[in-house]
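A.B. asks: Encoded as structure tokens, here's the structure I'll be asking about.
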Amino acid sequence: MLIAAILTASGLMYLSYSITESMSNAQNAAIIGVIGLFLGYFYTAKPIRLVSRRGLGEIAIFLAFGPLLTLGSLFAISTSTIELFSVDFYNAIYLGIPLGLLTTNILYINQFPDANSDSKTGKNHLVVTLGKKIARWGYLIILLGAFLAEVAVFIAKMLGYEDVEDKPNVDFWQRLENGEVLDADNMFSNDTIK
């Protein structure tokens with residue numbers, strides 16, 4: 001399995017280099033892959049064992065299956081060179097936030113049945129740390145966070161934000177105030193409202 005993963009990663013990096021004619025994307029994808037490998041391995045492995053660090057395991061899962069996953073995918077499959085801290089870079093992070101929160105929530109809810117045995121073995125995750133009574137609210141908070149993150153991405157796109165420094169699309173609000181109808185089929189094009 002490890003050999004297959006290495007061959008696949010090498011093939012993606014080679015394709016990224018051959019398409020973009022730059023090592024930038026391949027290098028960034030490799031760095032993100034190593035960070036993901038580190039988080040995945042040390043989630044349960046000693047000496048770090050993130051799962052027993054009172055919340056660090058949940059953060060590791062969020063990062064590995066959220067923003068790092070979408071960023072790594074962007075670098076690996078993009079047909080153009082992606083600059084660090086560019087609009088595409090931030091968009092990949094924003095898209096990864098709901099994915100990471102939902103994946104973390106799957107992990108979080110599965111910690112409840114094993115909380116008693118986990119506390120005896122030293123797996124001090126958030127459910128063990130907070131106790132079941134308080135920790136049950138964590139599920140709802142994480143779920144709401146995922147939903148709100150997705151709504152925020154959608155609203156930012158609707159307002160015409162393409163970059164952190166961009167201003168909202170004033171034309172959108174003027175047309176909305178005039179009672180013009182939103183065209184749902186072309187919602188993400190530049191001519192959103194007709």
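The values are calculated or read from the model by the stated rules, or taken from the named source; none is laboratory data. Please read these numbers as outputs of a predicted model, since none were measured by experiment. With ideal geometry, Cβ positions are generated from the backbone for all residues, glycine too; neighbour counts draw on all protein chains shown. For accessibility, only protein heavy atoms count, side chains too; no ligands or nucleic acids. Shrake-Rupley method; radii C 1.70, N 1.55, O 1.52, S 1.80 Å.
A.B. asks: Among (1) part of a helix (DSSP H, G or I); (2) in contact with an Asp or Glu (Cβ under 6 Å, 6 or more places away or on another chain), where does L63 come up short?
C.D. replies: Exception for L63: condition (2).
A.B. asks: Within region 185-192, can one find any residue that is farther than 30 Å from L50 by Cβ, touching a Phe, Trp or Tyr at 6+ places or on another chain (Cβ under 8 Å), open to solvent by 60 Å² or more (accessible area, probe 1.4 Å) and modelled with pLDDT under 90? So that I can check it myself, show each step before the final result.
C.D. replies: Looking only at region 185-192, we keep the residues that are farther than 30 Å from L50 by Cβ, and these are 185-192.
Within this subset, residues satisfying the condition of being touching a Phe, Trp or Tyr at 6+ places or on another chain (Cβ under 8 Å) are 192.
So of that shortlist, the ones also open to solvent by 60 Å² or more (accessible area, probe 1.4 Å) come out as none.
Looking for residues that are farther than 30 Å from L50 by Cβ, touching a Phe, Trp or Tyr at 6+ places or on another chain (Cβ under 8 Å), open to solvent by 60 Å² or more (accessible area, probe 1.4 Å) and modelled with pLDDT under 90, one finds none in region 185-192, hence no.
A.B. asks: Could you please find all residues in region 7-27 being of a type in the set (A, V, I, L, M, F, W, C) and touching a residue at least 24 places away in the same chain (Cβ under 8 Å)?
C.D. replies: Result: A9, L12, M13, I19, A26.
A.B. asks: So is I155 over 18 Å from T104 (Cα atoms), open to solvent by 60 Å² or more (accessible area, probe 1.4 Å), of a type in the set (A, V, I, L, M) and at pLDDT 75 or above or not?
C.D. replies: yes
A.B. asks: Just give me the residues in region 112-124 being part of a loop (DSSP other than H, G, I, E, B) and free of Cβ contacts under 8 Å to residues at least 12 places away in the same chain, in sequence order. Talk me through it step by step, then tell me what you get.
C.D. replies: Going residue by residue through region 112-124, those that are part of a loop (DSSP other than H, G, I, E, B) are 112-114, 122-124.
Residues satisfying the conditions are P113, D114.
A.B. asks: Mind checking which residues of region 125-135 are touching a residue at least 24 places away in the same chain (Cβ under 8 Å) and surrounded by fewer than 16 Cβ atoms within 10 Å (Cβ to Cβ)?
C.D. replies: Passing the criteria: only T129.
A.B. asks: Next question, about the same structure. What tally of residues in region 136-149 results from selecting those that are in contact (Cβ under 8 Å) with a residue 40 or more places away in the chain and open to solvent by 90 Å² or more (accessible area, probe 1.4 Å)?
C.D. replies: Quick first cut of region 136-149, residues in contact (Cβ under 8 Å) with a residue 40 or more places away in the chain only: 142-143, 145-147, 149.
Now restrict to residues that are open to solvent by 90 Å² or more (accessible area, probe 1.4 Å): 147.
Looking only at that region, the number is 1.
A.B. asks: Something else about it: So which residues in region 59-112 are open to solvent by 20 Å² or more (accessible area, probe 1.4 Å), touching a Pro at 6+ places or on another chain (Cβ under 9 Å) and of a type outside the set (A, V, I, L, M, F, W, C)?
C.D. replies: Y94
A.B. asks: Among the residues of region 44-58, write down those that are free of Cβ contacts under 8 Å to residues at least 12 places away in the same chain, open to solvent by less than 30 Å² (accessible area, probe 1.4 Å) and not in a helix (DSSP H, G or I).
C.D. replies: Across region 44-58, the qualifying residue is only A45.
A.B. asks: Just give me the residues in region 78-102 being closer than 13 Å to F65 by Cβ and either touching a residue at least 60 places away in the same chain (Cβ under 8 Å) or touching a helix residue (DSSP H, G or I) at 6+ places or on another chain (Cβ under 6 Å) (or both), in sequence order. Even if it seems obvious, please write down each step before you answer.
C.D. replies: Kept after step one, since they are closer than 13 Å to F65 by Cβ, are these residues of region 78-102: 95-102.
Matches in region 78-102: L95, G96, I97, P98, G100, L101, L102.
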